[in-house]
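Working notes for the structure below.
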Amino acid sequence: MFNNELKQKNLKLYLMKKLVLFLFLFPLLTYAQNDLLSGVDVPVAKEKVTSAFKALKIVNLESTKVAAKGDLYFVVAHRFGSIQDGFEGFYGLDNANTQIKFIYGLTNGVHVSAARSQLAYDFAVKYALFPQIKEGFPVTITGFNSVSINNTLNESTYPELQFDNRLTYVAQLLISRKFSEKLSLQVAPTFFHENFVENPMQNNTQYAMGIGGRYKFSKRWSLNIDYAAHLNRATNSLYRNPLSIGFDLETGGHVFQMHFTNSQGIDEAGYLARTSGSWNKGDVFFGFNLARVF
């Protein structure tokens, strides 16, 4: 009986020692495990940077924003005549140019559009490629392609004119970065090809570099600027690079854009290739973009 009690006492002592040893080593084991895991790449949810631009356009230049899946935009873009016309042109109210456009989001990364302005038709697709990631990928990259049909070309002036002569193709890579809640900047290397050019010195294939930015100075208002530098314009060309300055007003989830620009053309072929106004001479146009989302 004595031996049994001794065995039970020794067993309890043994178990107690093991328990104490376990309790002592457990924190060390936990620390070692955490230290090993710290060297393993654990997947972390990537936080996208959104709303670099609130509108689909900066002014003339497309922004990196893409319409959401299922959204239908009805857009009216209007450019009054030149302010330089003075009272005779009613300070721009005469000789206006208006574009009507429909935009539809096919997916959350792709939208298509169709537009008409001043006897010109424009069809485009815009697609998100890479988003800006917080503490990751530094920029948002979006692609844009369009084809426009220029019906202002007169067959009586150009008797050998064919339908494909009316076509202009545009391809842009839109690259933006949102630096803060207030400031976003964008560059847009651009390729465009006009099947018909009136100036024999002008190459059909042309290149431009667009730059633009948005600075939000209040809860609802932002200052927007964009510019496109034509890189191989003919030396005898009368056309100029488009410079646009405007303001965005955010109203209940929609954006109303007001601006001044030296380009009355609204589609890419119009403002990239045929900007005729001059800021130095006061030959600028007041305009606005108004969008309604359904």
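Just so you know, all these numbers are worked out from the coordinates, no wet-lab data involved. Source: prediction; values computed, not measured. When we count neighbours, we look across all protein chains shown, and the Cβ atoms used for this are built from the backbone with ideal geometry, even at glycine.
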Legend entry - Relative contact order of the range 193-294, defined on C-alpha pairs under 8 angstrom at six or more residues apart (%): 20 percent
Legend entry - Cα centroid of the range 125-161 to Cα centroid of the range 235-294, whole Å: 16 Å
Legend entry - Net charge over other residues, Cβ less than 15 angstrom from the Cβ of residue 117 (K, R count +1; D, E count -1): +3
Inset, instruction - Could you please rank 250, 198, placing first whichever residue has the fewest other Cβ atoms within 10 Å of its Cβ? - result: 198, 250
Inset, instruction - Starting from the Cα of residue 281, move 7 Å in the Cα-to-Cβ direction to define the label point; list residues of the range 215-248 whose amide nitrogen is under 15 Å from there. - result: 237-242
Legend entry - Spacing of the two label points (7 Å from each Cα toward its C-beta) at residue 106 and residue 162, in nm: 2.8 nm
Inset, instruction - State the extension gain, in nm to one decimal, for the chain segment bounded by residue 251 and residue 215, taking 0.36 nm per residue of separation less the distance between their alpha-carbons. - result: 11.3 nm
Inset, instruction - Under 12 Å from the Cβ of residue 254, count the other residues' Cβ atoms, weight Lys and Arg +1, Asp and Glu -1, and hand me the total. - result: 0
Legend entry - Cα centre as origin, Lys/Arg/Asp/Glu Cβ charges: the range 96-206 dipole, Debye: 620 debye
Inset, instruction - Could you tally the net charge around residue 106, taking each other residue with its Cβ under 11 Å from the Cβ of residue 106, Lys/Arg +1 and Asp/Glu -1? - result: +1
Inset, instruction - Can you pull the one-decimal nm distance between simple spin-label points at residue 191 and residue 173, each 7 Å off the Cα toward Cβ? - result: 1.0 nm
